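The values are calculated or read from the model by the stated rules, or taken from the named source; none is laboratory data. Just so we're clear, the structure is a prediction, and the values are computed from it rather than from any experiment. A quick note on method: Cβ atoms are made from the backbone with ideal geometry, for glycine too, and the neighbour counts reach across all protein chains shown.
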Amino acid sequence: EDPTRHRCPSSNVGLELFGYVGIEAVLDQMRIKTMKTGFEFNLMVVGQSGLGKSTMVNTLFKSKVSQKPTGPDYEERIPKTVQLQSVTHVIEEKGVKMKLTVTDTPGFGDQINNENWLRPLDLEFMRRLSKIVNVVPVIAKADTLTLEERAEFKKRIQKDLKAHGISVYPQEDFDDNSDDRILNNKIRDKIPFAVVGADKEHQVNGKRVLGRKTKWGIIEVENPAHCEFPLLRDLLIRSHLQDLKDITHNVHYESYRVQRLNESNLALPPSPLGHSPTLLPSPTLLEVCSGTADCTQPKTESSPFHTWP
């Protein structure tokens, strides 16, 4: 018997249709379903206290989705452990609903010397988390740096990321085609994004703009000439949000699921009911770096990663 007789035709060969089938209607079906049910997006923000993480998240979504801890003695209280705190909101724009969960890490790195570029704690944290989440590093309060200091800071961080094998989003391995590679290379060249957050509007040239008022003038958050916040927002929301979700689900979550299943098989006998453990998908991680341009050697502390798989 001819071994090629039952071979399936090549899947990349286009077939000519005899008439209208309605395949393109799938896009309308997906849109209608999304409009009805909405979608979910998980975001973890990591960085030491006082870097403006809450303000940055509020600026991203132009709403009060993240609240700062308040109290008369809050600045003096240093958490003894890093405990995750999550808040979930449903936000809606033009009929599209998004269930947004923001996870904060209060007290992260507050007990060690922060007068430096990337600390060993930052590097180790990103190295471990980059295997299970999409990591997007940013430089907070970039207006405290001169343009020369900002450029030097970026180069130093890029060098450290490469030296420690830390994969940040968008990962080169996941570029689908040459067009994606060209676009993502431009994004990768800008990482870490130098951002300024602000949740107050000011009058500039007859227009109301989000910005931060200083004695030198108004720093416009959404002005690319002032900071790279528009690039960060476009990446996370306007151009790559679905890709972030796809990589989280298809790559990071599947890798984590297989790892946990393998660990369960080694540690426990098979369940007679065949139940699998409940696993939670990983969020997108914003690693917020300090904008302090000081290259002193940081102190170290014991690793806090016992809570992570």
- Task: Identify, from the list GLU152, GLU148, the residue that is part of a helix (DSSP H, G or I), touching a residue at least 40 places away in the same chain (Cβ under 8 Å) and farther than 21 Å from LYS64 by Cα.
- Result: GLU152
- Determine if the range 192-204 includes at least one residue that is more than 19 Å from LYS53 (Cα to Cα) and buried (at least 16 other Cβ atoms within 10 Å of the Cβ). yes
- Task: For the range 205-245, enumerate the residues that are surrounded by 13 or more Cβ atoms within 10 Å (Cβ to Cβ), more than 14 Å from the chain's Cα centre (by Cα) and not in a loop (DSSP other than H, G, I, E, B).
- Result: VAL209, LEU210, GLY211, ARG212, ILE218, ILE219, GLU220, PRO230
- Query: Can you find a residue in the range 43-66 that is modelled with pLDDT under 70 and not aromatic (Phe, Trp, Tyr)?
  - Reply: no
- Message: Testing ILE182 on (1) modelled with pLDDT of 90 or more; (2) surrounded by 14 or more Cβ atoms within 10 Å (Cβ to Cβ); (3) within 21 Å of the chain's Cα centre (by Cα), one condition comes back false. Which one is that?
- Response: (2)
- Item | PRO309, sole failed condition from (1) at pLDDT 90 or above; (2) farther than 30 Å from MET30 by Cβ | (1)
- Task: Could you check SER86 against (1) assigned to a strand (DSSP E or B); (2) surrounded by fewer than 17 Cβ atoms within 10 Å (Cβ to Cβ); (3) at pLDDT 90 or above and say which number it fails?
- Result: (3)
- If the Cβ limit is 7 Å and pairs must be 6+ apart or interchain, which residue in the range 168-183 that is farther than 17 Å from LEU231 by Cβ pairs with which residue that is assigned to a helix (DSSP H, G or I)? PHE174/ILE247; ASP175/ARG181; ASP175/ASN184
- Looking only at the range 207-253, which residues are touching a residue at least 24 places away in the same chain (Cβ under 8 Å) and under 17 Å from SER63 (Cα atoms)? LEU210, ARG212, VAL221, PHE229, LEU232, ARG233, LEU236, ILE237
- Message: Only one of LYS53, LYS33 is within 15 Å of the chain's Cα centre (by Cα) and among the basic types (Lys, Arg). Can you tell me which?
- Response: LYS53
- Item | Condition check for ASP173: exposed (fewer than 13 other Cβ atoms within 10 Å of the Cβ) and either aliphatic (A, V, I, L, M) or farther than 25 Å from MET126 by Cα (or both) | no
- Looking at GLU287, GLU263, which one is farther than 30 Å from PHE39 by Cβ, among the acidic types (Asp, Glu) and modelled with pLDDT under 90? GLU263
- Name, by its number, the condition in (1) farther than 23 Å from LEU145 by Cα; (2) modelled with pLDDT under 85 that does not hold for ARG119. (1)
